[in-house]
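Working notes for the structure below.
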């Protein structure tokens, strides 16, 4: 029997994704379809802006609900692009006394429930199977990811997810 190709692991081995910290997440639309909106070049102060579609508006509202559904999660920065989103999440699974919560929330749980919520609102799933994550390690790494999100619409034509 021929060996089947091994799928690349998406997560770091032996890393607890419910660990307190900052995470950069990218979630893509299936087949890179541009369903969340379009980039309007020069929309405000000659800075490209995303003009959200009805699906993009649902995604935006759902991102804003993450911290309400998961008080231990803070959505620090995000951008919705035509066919993907980038989010910086902060996780703090400690209770008010600094102890770990009995049922901590992980990055995978938040992303899974976010995708499920959007799919339920829309009536079908528009998401690619998995997601990309990057564990933010220090202030410089954080600033790099924050700037990437902030400038993402300006660099749309150069983006790996473009077209």
Once residue 112 and residue 144 are pulled to full extension, the length gained, defined as 0.36 nm per residue separation minus their Cα-Cα distance, is 9.0 nm
The relative contact order of the stretch 23-150, taking Cα pairs under 8 Å that sit 6 or more residues apart, comes to a percentage of 34 percent
Stretched fully, the stretch from residue 54 through residue 26 gains (0.36 nm per residue minus C-alpha distance, one decimal, in nm) 8.1 nm
So for the stretch 23-150, using the alpha carbon gyration tensor with a ≥ b ≥ c as root eigenvalues (a/c under 1.5 gives rounded; past that, a/b versus b/c decides prolate or oblate), I'd call it oblate
Descending packing, highest mean Cβ count within 10 Å first, for 73-84, 141-152 is 73-84, 141-152
Between the modelled labels at residue 33 and residue 67 (7 Å from Cα along Cα→Cβ) the distance in nm is 3.2 nm
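Read the figures in this text as sums done on the coordinates, not as results from a lab. Quantities reported herein were computed from a predicted structural model and do not represent experimental measurements. Every residue, glycine as well, gets a Cβ built from its backbone with ideal geometry; the counts of neighbours run over all protein chains shown.
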